[in-house]
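Input: a single structure, listed below in structure tokens.
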Amino acid sequence: MHAIWLENRELSLRDVERPSPPPGESLLRVTLAGICATDLELTRGYYPYAGILGHEFVAIVEEGPEDLVGRRVVGEINAVCRTCDACRAGRSSHCERRTVLGIVGRNGAFAEYCTLPSSNLHVVPDSVPDEVAVFTEPLAAALRIGEQVAIGADDRVLVLGHGRLGQLVARVLSERTKHLRVAGHDTGKRAQLDALGIATSSPADLGDTRFDVVVECTGHAAGFDLARRHVRPGGTLVMKSTYAGSLEIDASALVVDEIRLVGSRCGPFAPALDRLASGVVDPMPLIHARFPLADGLEAFAEAARPGVLKVLLEIGAR
């Protein structure tokens, strides 16, 4: 089968053997996949991964439980042991022996086939097209913020960055607070949010305004400093960016101002699918381009261009 392979930070299109699902896992025929910022950062050395990239996908179950075979699914990306301390404590996304689709120890979805534990799979409603369902994983990541931080209607919330994830975070948080602002440099991306009634501005126009909660989605180390400047004493700074390289932190300022720093990662799939099925969140305007898997290297080059939102890989027919 064809696949996009990463090794030593170099991408290639390879012919690799089709996987065989181990016990408890399903064989998935991938139909559509999305390139996200984490995929791009892996090519820059964010994590020493070698293998097939990709973790945002829609697929058809080819082999697996009888009630799933032939069904269209999306899948949670953490394959967990269910027996370690973290799993038993209900923190399975932090399983001590986990593999992560296309990121840690497990080949991903930028291929004609992949495998995942059958318990990770969620059936996509017939009314949800593939190009909407493929946003389930990043939308779930956006919803994770609400599981970690209590945000009330009167809380002042700032989202820094209006790229692939920032757009979805803004849509989710607009359900929770009347005082949401999204800051970014790209006027086109800001216009998409303005059309939804979400207030936007350039970072320079924020002035000295402080917020109760700041969500950092810029994808750049400099975003942390900007976020720190705009969170009020006693406020919360949520980190959603993953990027290669180090981060300099003024730890004393965090202590003195009693800032709560929250790392935020994977989130709940079922509520994400519900929002996509109901149309509460419409991700279609975020799609920038589509490429066949055979043009995957060109797709990555396009996704890495400044200002580009979601690039999709068309891998197989339904």
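The DSSP beta bridges internal to the chain are antiparallel in roughly 55% of cases.
If only the Cβ of Lys and Arg carry +1 and only the Cβ of Asp and Glu carry -1, the dipole of the chain around its Cα centre is close to 520 debye.
With both residues required to sit in the range 142-263, DSSP beta bridges show an antiparallel share near 0%. Amide hydrogen proximity for R156: with H placed 1.01 Å from N in the peptide plane, the residues at 5 or more positions away or on another chain lying under 5 Å are D212, V213. Model label points for A204 and A222, set 7 angstrom from Cα along the Cα-to-Cβ axis, are 1.2 nm apart.
Between the residues M1, A59, A227, the greatest Cα displacement towards the positive end of the dipole of the chain, with unit charges on the Cβ of Lys, Arg, Asp and Glu, is found for A227. For H185 and E258, what does the FRET efficiency come to when R0 = 25 Å and r is the distance between their Cβ atoms, rounded to the nearest 0.05? That pair, H185 with E258, gives E of 0.25.
Measuring between their Cα centroids, the range 168-189 and the range 211-229 lie 14 Å from each other. If the cut-off is 24 Å between C-alpha atoms, which lysines fall inside it for K178, apart from same-chain ones fewer than 8 positions away? Once the sequence-local lysines are set aside, what remains near K178 is K189, K240.
Dividing the mean sequence gap of close Cα pairs (under 8 Å, 6+ apart) by how many residues the range 142-263 holds gives a relative contact order of 23 percent. Each residue of the range 32-43 was assigned a 3J(HN,Hα) from its phi angle through the Karplus expression (A = 6.51, B = -1.76, C = 1.60, θ = phi - 60°), giving 8, 9, x, 8, 10, 4, 5, 4, 5, 5, 4, 6 Hz with x at Gly and Pro.
Read the figures in this text as sums done on the coordinates, not as results from a lab. This one's a predicted model, so the numbers in the text were calculated from it and none came from an experiment. A quick note on method: Cβ atoms are made from the backbone with ideal geometry, for glycine too, and the neighbour counts reach across all protein chains shown.
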